[in-house]
Amino acid sequence: MKTFQSMKLPEALNHTLQHMQFTTPTPIQAESIPLALEGKDIIGSAQTGTGKTGAFGIPLVAHLMSNQRSAALVITPTRELASQVLTQLQAMLGKNSRIKSALLIGGDSIHKQLQQLRKRPRLLVGTPGRINDHLERESLMLHDANFLVLDETDRMLDMGFVPQINNIMKFVAKSRQTLLFSATLPKNILKISEKYLNDPVRVSVDNTASLAKNITQEVLRVSEQEKYSVFLSELQKRDGSIIVFVKTKYGTEKMATKLRKEGYSADAIHGDLRQRKRDSVITSFRNKKYRILVATDVAARGLDIPHIEHVINYDLPQCAEDYIHRIGRTARAGAEGAALCLISPQDRKKWSAIDALLNPGSRKTSPSSKSKNQKKDSKNKRDTKGKDNYRKFKRK
C-alpha cells in the first residue's frame with residue numbers, strides 16, 4: 001500500500017488523515033493496516049518512533065466509524081503514552097466526530113473520569129491499574145469493547161501488569177479483534193498472544209533489537225568522581241533539546257536543580273509527580289519553554305517530541321531493552337539525532353548486556369575489554385578509536 005487513500009478507509013477518516021499530513025504509510029503501517037481492516041488479530045513488532053500508533057489507530061478509528069454499536073479499548077503501560085495515544089486518535093476522529101472518548105489513567109481525577117464514562121464513550125484509552133479500578137467500581141462496562149489494543153506490551157509485563165491485564169480480559173467482548181504491539185517479543189508475550197489472540201498474524205518490519213535509523217551513538221568512559229563535570233562539558237558542546245536519563249526519581253529532581261544553578265533551563269519528570277504536574281512538564285518541554293528534560297524510565301516509552309536532538313544516558317538503564325527505548329526519543333520520523341552514554345567502571349555488566357543485545361553473536365566491545373595500559377589511564381576516554389579518541393558510530 002503506497003498511500004492511505006488506497007486502503008479503502010472511511011471518507012471522513014481519509015479527510016482527517018490528509019489534514020494531519022498523513023500521506024505515505026510507514027512500513028509497520030503498510031504491513032498492519034490492511035490486515036487489521038480485514039479483521040485479523042495482529043502481533044506487531046517495530047521500533048519506537050516508526051508509527052505504531054497509526055498502525056493500530058487508523059484501523060481502530062475505521063472500525064468505530066463503520067460499527068456504531070462497537071467500542072474500542074487501548075491499554076498502555078504509562079499515563080503519558082495513554083494521553084498521547086488518545087490525543088492522536090481524537091485527531092483521527094476529527095473535530096466534528098460524535099464518538100466520545102475517555103482517558104482512564106492513574107493520578108488523574110476519578111470524578112472527571114466518571115463524568116466521561118457517564119457519557120458512554122466508545123473510545124477508551126487507559127492504564128491497567130486505573131481500568132481495573134473502574135471495573136471494580138462497576139463504573140466501566142466493556143461488553144461492547146470488541147476492538148482491543150495492547151500497546152507496548154513488553155513494558156506492561158515488565159511493570160508487573162499481568163494480573164490486571166488478565167482481569168480486564170474477563171470483561172471485554174469475547175468476540176473481538178485484538179492487536180498487540182511490542183518493541184520486543186519475549187516468551188511471556190507470546191504466551192499472552194496464544195491465550196488472548198485468535199490466529200494472529202505476525203508483523204515485524206525490523207529486528208526488534210535494532211536501533212532507530214539516523215542515531216549517532218557516542219560512548220564515553222569516565223570515572224565516577226568526574227562524571228558530573230564531564231557531563232557538563234558535554235552539554236556545552238550540544239545545541240537543541242536534550243533528554244537526560246538518570247536512574248532514580250530523587251536523582252531527576254537533584255539533577256534538574258543543579259542544572260538550573262549552572263544556568264541551564266531544565267525540569268524533571270518521574271513517577272511520583274502528580275498527573276497535572278507531569279502533563280505540565282511535558283507540555284512545557286514540547287513547547288520549548290526549557291531545553292533539558294531530566295527523566296527516569298517513565299519517559300523512555302511513548303514520549304513523542306520531534307525536536308529532541310540528543311539523549312544522554314547519565315545512568316545506564318537496569319534493563320538492556322530500555323536502552324533502545326531511551327535513545328528512541330530522538331531521530332523520530334526520519335530526523336537525525338545523537339545519543340551519549342557516560343559509562344563508569346560500575347556500569348560494565350550493564351553495558352555488556354546492552355552491547356550483547358545490539359550486537360548478538362559479535363565479539364564483546366564493552367568497556368571492560370581494555371588492555372592493561374588502558375586500565376591505568378582510563379579517565380574520560382571515549383571508547384575507542386578515531387579523532388580525539390572518539391568511538392562514534394552511526395547506524396543507518
### Task
Please enumerate the residues belonging to the stretch 96-115 that are surrounded by fewer than 18 Cβ atoms within 10 Å (Cβ to Cβ) and either within 22 Å of Pro77 (Cβ to Cβ) or not assigned by TED's automatic domain parsing to the domain that holds Pro163 (or both).
Gly106, Gly107, Ser109, Ile110, Lys112
### Message
So the check is Cβ under 7 Å with 6+ separation or different chains; which pairs have a first residue in the stretch 311-330 that's assigned by TED's automatic domain parsing to the domain that holds Gln225 and a second one that's assigned to a loop (DSSP other than H, G, I, E, B) and of a type in the set (S, T, N, Q)?
### Response
Val311/Thr330; Glu321/Thr184; His325/Thr48; Gly328/Gln47; Gly328/Thr48
### Message
Looking only at the stretch 161-196, how many residues end up being in contact (Cβ under 8 Å) with a residue 12 or more places away in the chain, more than 13 Å from Phe147 (Cβ to Cβ) and assigned to a loop (DSSP other than H, G, I, E, B)?
### Response
6
### Message
So, Ser369, is that one at pLDDT below 65 and either surrounded by fewer than 17 Cβ atoms within 10 Å (Cβ to Cβ) or more than 26 Å from Leu259 (Cα to Cα) (or both) or not?
### Response
yes
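The values are calculated or read from the model by the stated rules, or taken from the named source; none is laboratory data. Note that this is a predicted model, so its numbers are computed, not measured. No Cβ is skipped: glycine too gets one built from the backbone with ideal geometry, and neighbour counts run over all protein chains shown.
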